[in-house]
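Working notes for the structure below.
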Amino acid sequence: APARIAVTGLAVMGSNLARNLARHGYRVAVHNRTPARTKALMREHGHEGEFVPAETLSELVESLATPRQIIIMVKAGTPTDAVIDELAPLLGPGDMVIDGGNAHFADTRRREAALRERGLHFVGAGISGGEEGALNGPSIMPGGSAESYKHVGPVLESIAAQVDGVPCCVHVGPDGAGHFVKMVHNGIEYADMQLIAEAYDLLHRVGGRGPAEVGEVFRDWDRGDLESYLVEITAEVLGHVDPDTGAALVDVIADEAEQKGTGRWTVQEALELGVPVTGIAEAVFARSLSGRVGQRAAARAAFGASEVIPSPDDDLVEDVRLALYASKVVAYAQGFDQMRAASVEYGWDLDLGAAATIWRGGCIIRARFLDRIREAYDRNPDLPSLLVDDYFRDAVVRAEQAWRRVVVKAINAGVPVPGFVSALAYYDALRSERLPAALVQGLRDFFGAHTYRRVDREGSFHTLWSGDRSQVDA
Ligand code: NDP
């Protein structure tokens with residue numbers, strides 16, 4: 001019998017996805033450029049379901065029922081183009097190519113347009129959850145035509161993570177929408193981790209608690225509003241003892257955070273769209289700063305290493321919890337803003353509640369919190385900002401005084417909390433009656449005759465700064 005779907009690219013992600021498909025009863029054709037991987041999959045996992053191994057891409061294509069559905073799970077970038085170029089001539093009208101790799105959404109837009117020209121469907125599907133997710137239920141963000149989703153959707157939904165019986169897979173929108181949403185997911189993941197790290201630093205250095213003790217605090221937080229995968233694994237990491245030294249593992253890990261680039265993509269694209277994603281940007285920059293070892297050493301030598309004298313107080317844990325929650329609301333609000341802006345820019349008509357639904361399970365930022373976000377967009381799909389939804393507004397109002405105390409405390413102690421500070425500044429800026437942007441406009445008009453608008457009448461104006469300083473219509 002012909003196979004229902006195919007996977008090409010059988011490294012860890014592709015082979016786990018193929019096994020997930022097979023375990024769900026699909027007959028899966030499998031292929032890898034280097035046949036050894038295909039053989040290894042058959043040898044080690046062939047008994048888990050119905051696999052159809054193929055030596056070549058044309059063999060793979062021939063083994064499929066039409067319209068054909070082929071998932072590409074290879075290294076992102078030129079390897080993906082190489083596979084598409086080899087595959088496309090073998091396919092017929094209506095066939096579907098699904099890219100599950102970490103593609104940049106602009107590449108996905110380009111590939112979708114190129115394949116559409118040839119009568120083929122291209123589905124750019126963001127897949128999150130790592131190898132474990134690929135095997136047991138990832139979070140899937142498919143973009144592409146509605147027509148292709150009719151065929152591909154049910155399969156992807158069945159292998160995705162399920163939360164309360166709802167799959168963490170929804171058709172996100174056309175062309176690059178899926179990979180865009182995946183990109184923002186990763187950006188939010190950066191922000192979330194940075195905020196968690198700042199909370200730890202405060203409880204550790206200001207609160208005078210050891211890593212394991214802070215780990216217990218996180219374990220406790222995981223039973224409340226902050227319940228999430230990242231908070232849960234923070235407790236695990238902080239509680240882990242290094243077998244070599246007997247010290248807390250976190251104390252022997254080099255404090256230079258690395259990045260593979262998806263956070264940077266999010267910020268780059270936010271700059272293009274003009275959306276302030278300060279939480280994600282601070283997180284990306286905090287990682288960059290941590291890696292500037294030479295500068296850090298020079299600064300320590302010049303200024304002396306900052307010495308923090310612990311000043312624990314009874315409220316610190318609860319204050320930090322509230323500050324973390326409020327800052328997290330801001331980071332998510334900014335990420336959702338970015339998706340909304342992209343939706344307008346690229347004509348995607350994104351359903352933001354769908355993104356929240358997808359992220360409830362299977363992915364790194366899965367959290368109880370996402371239910372609240374989905375409910376917020378259910379209440380009002382055109383929410384101007386997540387912050388102004390009743391639920392989140394109340395949460396932020398409840399947290400506000402604690403948030404300010406934490407930021408002040410951190411600043412006075414010399415503990416850097418760029419995530420907390422920038423989130424608070426964003427909140428204060430959004431709700432300000434007047435912003436000093438008025439002065440910025442005045443300065444721009446002074447040196448560059450860039451003109452300004454007035455609060456009391458229509459039109460654009462310029463002041464003759466170097467003349468008699470009268471105002472003229474611009
Ligand atoms: P890798 O990214 O390490 O890629 C290895 C696979 O790509 C192998 O199957 C390899 O074939 C194939 N490949 C590389 N170059 C070519 C080429 N020119 N032509 C054909 N095949 C090629 O594999 P992963 O399983 O780690 O990741 C697969 C995709 O999933 C990537 O896009 C990655 O970014 C993404 N990913 C997603 C994660 C997530 O959590 N969502 C986690 C990890 C990865 P060969 O064996 O012949 O070398």
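What follows draws every value from the coordinates through simple rules; no lab data is involved. All figures in this text were calculated on a predicted structure; none of them were measured in a lab. All Cβ positions, even for glycine, are placed from backbone atoms using ideal geometry, and neighbour counts span all protein chains on display.
The modelled label-to-label distance between residue 110 and residue 428, using points 7 Å beyond Cα along the C-beta direction, is 4.3 nm.
Debye-formula intensities of the chain, expressed as log10 I(q)/I(0) at q = 0.07, 0.08, 0.10, 0.14 Å⁻¹, are -0.44, -0.57, -0.84, -1.29 (one equal scatterer per alpha-carbon, no solvent). Summarising the label geometry, the points placed 7 Å from Cα in the beta-carbon direction at residue 455 and residue 404 lie 2.2 nm from one another.
Full extension of the chain between residue 216 and residue 245 gives 8.3 nm of extra length, using 0.36 nm per residue less the Cα-Cα distance. Relative to a virtual label point 7 Å from the Cα of residue 150 in the Cα→beta-carbon direction, which members of the range 84-100 show backbone nitrogen distances below 17 Å? Of the residues in the range 84-100, 93-97 have backbone N under 17 Å from the label point off residue 150. For the range 86-147 versus the range 50-67, the inter-centroid distance based on Cα atoms is 18 Å. Across the chain, Cα pairs under 8 Å and at least six residues apart give a relative contact order of 12 percent. The distance between label points at residue 349 and residue 259 comes to 3.5 nm (points 7 Å beyond Cα on the Cα→Cβ vector).
Computed from backbone phi with θ = phi - 60° and the Karplus coefficients 6.51, -1.76 and 1.60, the 3J(HN,Hα) list for the range 125-135 is 10, x, 10, 10, x, x, 5, 5, x, 4, 7 Hz; x is used for glycine and proline. You can think of it this way: the chain between residue 388 and residue 43 has 118.7 nm of extra reach, that is 0.36 nm per residue less the Cα-Cα gap.
Remark on the range 194-321: Rg and Dmax equal 16.6, 48 Å (Cα only).
For every helix of n ≥ 4 consecutive DSSP H residues, a contribution of -39,500 (n - 2.57) applies; sum these over the chain, divide by its total residues, and give [θ] at 222 nm rounded to the nearest 500 deg cm²/dmol. Taking each H run of at least 4 residues, the total per residue is -17500 deg cm²/dmol. Scaled against the 2.2 N^0.38 Å expected of a compact globular protein of N residues, the Cα radius of gyration of the range 94-133 reads 1.27. Across all directions, the average projected area of the convex hull around the alpha carbons of the range 86-171 is 5.8 nm².
Measuring gaps between exposed loop sites in the chain (trypsin sites (Lys or Arg not before Pro); DSSP loop; at most 15 other Cβ atoms within 10 Å), the longest gap, sites not included, is 119-222. Report the FRET efficiency, 1/(1 + (r/R0)^6), for residue 268 and residue 1, where r is their Cβ-Cβ distance and R0 is 45 Å, rounded to 0.05. Between residue 268 and residue 1 the formula returns 0.45.
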